[in-house]
Structures are given as C-alpha cells and as structure tokens.
Amino acid sequence: MKIAFIGAGYVGLVSAVGYALAGNDSVCIEIDERKIAQINGGKAPIYEGGLDDALLKLTRDGKLLATSDYNGIASAQAIFICVGTPSAQDGSIDLRYIEDSCAKIASILPKMKGYPIVVVKSTVIPGTTSGLVKGILEKGSKLRAGRDFGLAMMPEFLREGTALADFKHPDRIVIGTMDEKTRKVLMGLHSKFPGEKLIVSPSAAEMIKYASNSFLATKISFVNQLALLCEKTGIDVDDVARGMGLDNRIAMPFLRAGPGFGGSCFPKDVRALMHFSGKEGVEPTILESVMLVNSLQPLWLIGAAQEKMPLKGKTICILGLAFKPDTDDVRESPAIPVISQLLKMGCKVLAYDPKGMANFKKLFPKLDYANSMDDALKGADACMIITDWKEFKKPIAHYERLMKNPLILDSRRILDPKTAITASYISLGRGIA
C-alpha cells in the first residue's frame, strides 16, 4: 500500500518508517521545511534508536518521502493523521491541528481513487473520530464515511527510546472502525504484525489509549509515593517493587521509582482524561492524586539537599534533562521544576545531558550547559541525577574526585553506595547517606 502520514513527529515518522520497512510506500506530510529536508536526507529530526539507519535506507530506496504538499496524499490508499494534540490551559485537549488536517484531507478525498481510508492515530478524546473528524471530512469532501471512504481510529503505544522496536513488535493492535470494508483493509495491512488484533468502536479505541496511559501514570505515581515512605522507614523501594512485580496481576514495568513521569504523552493525556471526566460529571479523584504526586516528586531532590546544606549560592550539577534515557525529548521533564526552583533559590546550575541539551536550551537559553558529565561535575557542591543515562553509572569515587563538596542525590538509584569514599550519597527510596 501507499500510506500518507500527516505530521512527522514521533508518531508520524516512526509509523512511516515502520510501515515502509514492512513493504509499504510512505509519504510524510509536514509543514516544517527543516524537518522535510532532514527526513529526505535520511536523517531523523528526533533522536530515536535505529531510526536514522532505517530512514537512510528507505529514502535511498525511494520507499519514504517527506513533503509539504497535501497533494502528495492523492495517490495514497490510506491516510494516517499523526498531528499533535497538546493540552489547553484548562487541561482539555487542543484539537486545532486535527481540525486543520481534516479540512485539508477533505479537499483531496474526492480526487482519490478506490476506497481511501482515513485513520486517526493522534490521541483524541472519545467521540472525536466519529464526531469532529467524520463531520469535517464529510462536509469538506461531500462524501460519506463508510460508503465513499473508510474511517478508523488506531491509537499508538510507542515508548520513546524504543519506538521502532515497539512498532515492529506490538503487544496489541487496536482498530476502532465502524464499517467492514475498513476493518478488512486494516487487518490486511497488519496481518504480518505480531500481537492480538482488537476490533472495537472508534470511541472505545480512543478510550483505550487514555486508559492505558493514565493507568501507567498511576503506577508510576503510586511507586513514587511508596518510595518516600520507604525512605522514611529504612526500606529499599526496589525490593518492594520487585516483590509487587512478581505478582502477574501487577508486573514490574512502570514500578521503578523516580523523580516523576514526563514526556509528550502521560502528562497531557492524564490532564485530558481528567477534563473529559469532569465534563461528563465524573470526578477524576484518582487521577487528580496522580498528578499531584507527580508535581511534588521532583522536589524531593531539593528537599533532600537542603537537609544536608544551605543551597543559596551553591553550584549544583544537574545530570539528565530528557524525561527518560535514550531520547532527546524534554517535554514535562522533572528537570524543569528542579532547575526552576534552584535558580529561584539563588543557586548556580550547571547541566548536562547526552541528547537533550539542544531542546532544553529552548526552555532555558541562559542556563549554563556542560560539554560532558565530567565538566558538569567539576567544582560542584552537589550533584542531582535526574535521568538514568548509562554514562552516569560510574563509581561514586569518580564523582568525588571532581566535585567540591561531594553531595550526590540520586533520584534513579543508579549508583552503588559501596563505591563511595567520602561522598554523602542519598538515593530516592533508600535514604542511604
């Protein structure tokens, strides 16, 4: 099949590459000319393991192309909408990019041959595909969904850092559609992919995405709150998590305590589900608690440091700016509130991240950034580890040699306290000093 992807961000570009690797032809419609040039040159505009190599091969083989011209979708058999759905100020979902994409697709639909299929892959609240999207497409094209073109909602379940592998080996593929013709085409497109294929309504598919992300966010906030209790009572939170995770009803993934969740999905999706619940008259009390725990969690680093020394005027090394390792995504990173608070307190902050600094500089252009981990540590009064990059996993003695006052606050518990000589080492959920 020839498949068009509206938007070449994480979801759009990874999907375009994934489907092309499976033997299809992909065209990405993107408004950012810089991104278009990068993609057509075989270079991904985002950091994602394995993506550059795959993209280079596909563009050279003519299996993937990026363009700003919506006419590029006219010869496609399927169109995947992969644009962003950010949070509005009140936490509700902002659908302006969905609306704009649908209006442009509607103008092209009458030119398309056969039975073209429009698939919403963006995260949208229940009722959006069968309501807003269907309405704009039908009004703009003068065609009818289910008769002249197919319409479906297929949520993505990609983890940043392992997105391409997740695409190739999904746990499940959720297809939300209302007509048999669309179901058959999409089942055929995914026939060689592993994982269970779940056929549901578009609204159920939309809810599955929000329910999944919100539940995972709940697991994270739950174990993070446990970590604070474990620290007060001399218990190792990782022992507790392992004991819980061996119960197959609970399992280990997302039970690793840390400074809080971030990224492009969990925060905005939980907020959107909270807002949607409120509109429907259902109090989202559990999710409100999840977000409250997450907003307080990063500040553990500052509170733990203040118990050891006054921070005003001190030099603080921040290791890790991306919200997780193996990505350059800094959206809603725990580093943001930590650094903001340290600067308000009159600290000098020196930050380092292997991949996330370029994006973080857009948020904090005047912050001091180091060229390496060692440069960030030199002369520091305290070090706060926020992201568990592999290169940070060194003996504590390595930190001690470079720091002025070796106070190390490890929110990810990646260092071995036995390797400390003189450092004060505190790890979240263990309280080892």
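Distances longer than 19 Å among the Cα atoms of segment 288-354: what percent of all pairs is that? Considering segment 288-354, 35 percent of its Cα-Cα pairs are separated by more than 19 Å.
Temperature 10 °C, viscosity 1.306 mPa s: under these conditions the Stokes-Einstein estimate for segment 200-262, based on its Kirkwood radius over C-alpha pairs, is 124 µm² per second.
Among Ser75, Ser277, the ranking by other beta carbons within 10 Å of each residue's beta carbon, starting with the fewest, stands as Ser75, Ser277.
Could you tell me what % of all Cα pairs in segment 220-433 have separations over 25 Å? Distances greater than 25 Å cover 38 percent of the Cα pairs.
What the Kirkwood sum gives for segment 133-218 is a hydrodynamic radius of 14.2 Å, with every pair of different alpha carbons counted. For Gly150, the residues whose amide H sits under 5 Å from its own are Ile117, Val118, ignoring neighbours fewer than 5 places away on the same chain, with H placed 1.01 Å from N. Antiparallel beta bridges, as assigned by DSSP with both residues in segment 2-200, represent about 10 percent of the total such bridges. Taking the charge dipole of the chain about its Cα centre, with +1 at Lys and Arg Cβ atoms and -1 at Asp and Glu Cβ atoms, the residue from Gly243, Leu415, Ile31 reaching farthest to the positive side is Ile31. In a reduced charge model with +1 at each Lys and Arg Cβ and -1 at each Asp and Glu Cβ, the chain shows a dipole moment near 460 debye about its Cα centre. Take every Cα-Cα pair in segment 328-393 and report what % of them are more than 17 Å apart. Every Cα pair in segment 328-393 considered, those over 17 Å come to 37 percent. If you wrap the tightest convex hull around every Cα atom of segment 316-433 and split its volume per residue, you get 94 Å³. Within the chain, DSSP assigns beta bridges of which about 5% are antiparallel (rounded to the nearest 5). For segment 220-433, the dipole from Cβ point charges (+1 on Lys and Arg, -1 on Asp and Glu) about the Cα centre works out to 520 debye, to the nearest 20.
A helix-only calculation puts the chain at -12000 deg cm²/dmol for mean residue ellipticity at 222 nm, using -39500 (n - 2.57) for each DSSP H run of at least four residues, averaged over all residues.
On a 0 to 90 degree scale, rounded to 10, what angle separates helix 180-189 from the longest Cα axis of the chain? It is inclined by approximately 50 degrees.
Rounded to the nearest whole Hz, the Karplus-based 3J(HN,Hα) values (6.51 cos²θ - 1.76 cosθ + 1.60, θ = phi - 60°) of segment 56-67 follow the sequence 4, 5, 5, 5, 5, 7, x, 8, 8, 9, 10, 7, with x at glycine and proline.
Fewest neighbouring Cβ atoms within 10 Å first, the residues Trp300, Trp389 line up as Trp389, Trp300. Here is the size of segment 25-120 from its Cα atoms: Rg then Dmax, 14.9, 46 Å. The residue among His275, Ile108, Ala322 whose Cα reaches farthest toward the positive pole of the charge dipole of the chain, with charges on the beta-carbon of Lys, Arg, Asp and Glu, is Ile108.
Rounded to the nearest Hz, the phi-derived 3J(HN,Hα) couplings of segment 356-368 under the Karplus curve 6.51 cos²θ - 1.76 cosθ + 1.60 (θ = phi - 60°) are x, 5, 4, 6, 5, 5, 5, 8, 10, x, 9, 5, 7, where x marks glycine and proline. What FRET efficiency comes out for the pair Tyr70/Lys43, r = Cβ-Cβ distance, R0 = 35 Å, nearest 0.05? My answer for the efficiency is 0.90. Label-to-label distance, Asp171 versus Thr419, with points set 7 angstrom from Cα along the beta-carbon direction: 3.2 nm.
Taking amide H atoms as placed 1.01 Å from N in the peptide plane, the amide H of Val174 lies under 5 Å from those of Leu198, each 5 or more residues away in sequence or on another chain. Taking every Cα-Cα distance in segment 218-296 and sorting them into 5 Å bins starting at zero, the pair-distance distribution P(r) comes out as 3, 15, 22, 20, 18, 12, 7, 2, 0 percent. Residue-normalised convex hull volume from the C-alpha trace of the chain: 146 Å³ per residue.
The slack between Leu229 and Asp53, meaning 0.36 nm per residue of separation minus the straight C-alpha distance, is 58.9 nm.
The ranking of Lys168, Lys192 from fewest to most other beta carbons within 10 Å of each one's beta carbon is Lys192, Lys168.
Across segment 273-281, computed HN-Hα scalar couplings (Karplus, 6.51 cos²θ - 1.76 cosθ + 1.60, θ = phi - 60°) run 5, 4, 5, 5, 4, x, 4, 8, x Hz from first to last residue, x flagging Gly and Pro. The Stokes-Einstein estimate for segment 2-200, based on a Kirkwood radius over Cα pairs and taken at 25 °C with 0.890 mPa s viscosity, is a diffusion coefficient of 146 µm²/s.
Taking amide H as placed 1.01 Å from N in the peptide plane, Asp25 has its amide H under 5 Å from the amide H of Lys2, Ile3, each at least 5 places away in sequence or on another chain.
Since every read-out is calculated from the coordinates, none of them should be taken as a lab result. Only a predicted model underlies this, so the values are computations on that prediction, with no experimental measurement involved. So basically every Cβ, Gly included, is an ideal-geometry build from the backbone, and we count neighbours across all protein chains shown.
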